[in-house]
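This report concerns only the one structure given below.
The values are calculated or read from the model by the stated rules, or taken from the named source; none is laboratory data. Here the structure is a predicted model, which is why all the values come from computation and not from measurement. Quick reminder, even Gly has a Cβ in these numbers, built from the backbone with ideal geometry, and neighbours come from all protein chains shown. Calculation scope for accessible area: heavy atoms of the full protein, side chains included, ligands and nucleic acids excluded. Shrake-Rupley method; radii C 1.70, N 1.55, O 1.52, S 1.80 Å.
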Amino acid sequence: METDINRLKVVLAEKKRTNKWLCKQLNVNPSTVSKWCTNSSQPDLPTLVRIAAVLEVDINELVNKEFIESI
């Protein structure tokens, strides 16, 4: 199974955005974004919706479909 469960790190790279940029957009601590990108923790659903909005992607782009299918 792919380790990027929330795919955030992948989508940030595709959009040529940084963790620092995302933390400024969401007004969260940089360590929080880092934890999301390393799967040490996951954003809650309202935050995931905000992330999708600021990255201008569908929320499904942030979710690993293989992970969902395995549930």
Conditions first: (1) of a type in the set (D, E, K, R); (2) at pLDDT below 95; (3) exposed (fewer than 13 other Cβ atoms within 10 Å of the Cβ); (4) assigned to a helix (DSSP H, G or I). Glu2 passes all but one, so which condition is the exception?
(4)
Just for segment 38-56: of the residues that are of a type in the set (A, V, I, L, M, F, W, C) and surrounded by fewer than 17 Cβ atoms within 10 Å (Cβ to Cβ), which one is nearest to Ala13 (Cα to Cα)?
Val54
Would you tally the residues in segment 24-34 being within 17 Å of Ala52 (Cα to Cα) and open to solvent by 10 Å² or more (accessible area, probe 1.4 Å)?
6
Considering only segment 56-64, I want to know if a residue exists there that is at pLDDT 95 or above, among the aliphatic types (A, V, I, L, M), part of a helix (DSSP H, G or I) and under 16 Å from Arg7 (Cβ atoms).
no
